[in-house]
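Structure first, commentary second.
The values are calculated or read from the model by the stated rules, or taken from the named source; none is laboratory data. Given the structure is predicted, the values throughout are model-derived calculations rather than measurements. Cβ placement follows ideal geometry from the backbone for every residue including glycine, while neighbour counts extend to all protein chains displayed. Please note that ligands, DNA and RNA were not included when accessible areas were found on the heavy atoms of the full protein model with its side chains. Shrake-Rupley method; radii C 1.70, N 1.55, O 1.52, S 1.80 Å.
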Amino acid sequence: MITFETIFFPISAGRVLDVATGRGGFIHALIESLSSYDEIIGIDTVAGTEAIFAESFAEKPISYRQMDASTLEFDDASFDTVCIANSLHHLPDPQHVLAEMMRVLKPGGRFIISEMFRDGLTDAQETHALLHHWWAAVDSAEGIVHNETYTKQELIKLAQGTAIDTWAFHEVAYLDEDPKDEATIQQLDQIIDRYVEKAEKLSNGGTQLIERGQALRRRVHEIGFHGATALVAVGIK
């Protein structure tokens, strides 16, 4: 089985930039899997995440900087590794962000993209894709940039649209867990509740979004949930 560990363990990552890092979820995967790293900087547009990083990565050379991914405030060729995970579909111009990441990557450095895709999934994984697209619809109705997830070929095309000529593509899926795990379903119910509340506040289209969410809740309980397969692309500049 291909895992993040099998993909990332051979990599000595040096100085790492994690773009659109959120709360640092992908950084946890990196530090658990990489052969070594010197420093990791996570960037995102949200204020106040410094405190979360200080607690999550205490005594590690990992930090957060509030920054727009479309205008990276770093010199050319200043990182050994750049990465972005599950964020391309949140960007208004993903190709521009990828170009900015390429700019700050050193020659010979590694470019890592990890992104879930929506096709070729099991029924339980399809639950994840459908939920994600509903979340995107609610967020979009609120004016938040959140697009539906890509197909596998669309992601490959995005990667190949960069200046990197050669990519290695891997598929990572974790399907061993019980798709009807009680704790997971409870967590999903809470997320669905939050998005239903958001939909209730919308002036237009809220009713249909609420009905769509309740149908997905039934699907979660009847079919279950597995995370969608991720395409992990690793290129060398």
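Computing the accessible area with a 1.4 Å probe over protein heavy atoms, can you report the carbon and sulfur percentage for the chain? Can you show the working numbers first?
Numbers: 5640 of 11630 Å².
On the chain, the fraction of accessible area on carbon and sulfur atoms equals 49 percent.
So, for the range 39-190, what is the accessible surface per residue at a probe of 1.4 Å, expressed in square angstrom? Present the calculation step by step, with values, prior to reporting the outcome.
Values: 7360 Å² over 152 residues.
It amounts to 48 Å² per residue over the range 39-190.
Decide, for the range 120-237, between rounded, prolate and oblate: order the square roots of the alpha carbon gyration tensor eigenvalues as a ≥ b ≥ c, take rounded if a/c falls under 1.5, and otherwise choose prolate if a/b is larger than b/c, else oblate.
On the way: a/c = 3.05, a/b = 1.47, b/c = 2.08.
Taking the square roots of the gyration eigenvalues as a ≥ b ≥ c, the range 120-237 is oblate.
Report the percentage of all Cα-Cα pairs in the range 123-174 whose separation exceeds 15 Å, rounded to a whole percent. Intermediate results must be reported in sequence, preceding the final value.
On the way: 815 of 1326 pairs.
Everything past 15 Å amounts to 61 percent.
What do you get for the angle between helix 182-200 and the principal long axis of the chain? Use alpha-carbon atoms, 0 to 90 degrees, nearest ten.
Once rounded, one gets 80 degrees.
Please list H226, H170, H221 from largest to smallest accessible area, probe radius 1.4 Å, with all protein chains kept in place.
On the way: H226 20, H170 50, H221 90 Å².
From most exposed to least exposed: H221, H170, H226.
Give me the one-decimal nm value for the distance between modelled label points at D93 and N147, 7 Å along each residue's Cα-to-Cβ direction.
For the pair D93/N147, the computed spacing is 1.3 nm.
Students sometimes get this wrong: rank S140, S70 by accessible area, probe 1.4 Å, all chains present, largest first. Can you show the working numbers first?
Details: S140 60, S70 40 Å².
Result, largest first: S140, S70.
Under the classification rounded if a/c is under 1.5, otherwise prolate if a/b is larger than b/c and oblate if not, where does the range 176-237 fall, given a ≥ b ≥ c as square roots of the Cα gyration tensor eigenvalues?
The shape class here is oblate.
Which net charge results for the neighbourhood of L34, defined as the other residues with beta-carbon distances under 13 angstrom from its beta-carbon, given Lys and Arg at +1 and Asp and Glu at -1?
My count for the surroundings of L34 gives -3.
What net charge do the residues around A69 carry, taking every other residue with its C-beta under 14 Å from that of A69, with Lys and Arg at +1 and Asp and Glu at -1?
Numbers: positive: R65, R103; negative: D18, D44, D68, E73, D93, E100.
Residues close to A69 contribute a combined charge of -4.
Based solely on C-alpha atoms, express the radius of gyration and the Dmax of the range 1-121 in angstrom.
Cα-based Rg and Dmax for the range 1-121 come out at 13.8, 41 Å.
Taking the Cβ-Cβ separation of S56 and Q187 as r and a Förster radius of 25 Å, what is the calculated FRET efficiency to the nearest 0.05?
Numbers: r = 19 Å, r/R0 = 0.76.
For S56 and Q187, the calculated efficiency is 0.85.
Out of all DSSP beta bridges in the chain, what portion is antiparallel? Express it as a percent rounded to 5. Mind dumping the intermediate values first?
On the way: 13 of 35 bridges.
Of the beta bridges lying entirely in the chain, close to 35 percent run antiparallel.
Per 10 Å bin from zero, what fraction in whole % of the C-alpha pairs of the range 75-188 is there, up to the bin with the longest pair?
Whole-percent P(r) values from 0 Å outward: 12, 37, 32, 17, 3.
Going through the range 8-94, which GluC sites (Glu not before Pro) have at most 15 other Cβ atoms within 10 Å and a DSSP loop state? Could you put the intermediate results ahead of the total?
Numbers: sites: E32, E39, E50, E55, E59, E73; in loops: E59, E73.
In loop regions of the range 8-94 (DSSP not H, G, I, E or B), the sparsely surrounded GluC sites (Glu not before Pro) are E59, E73.
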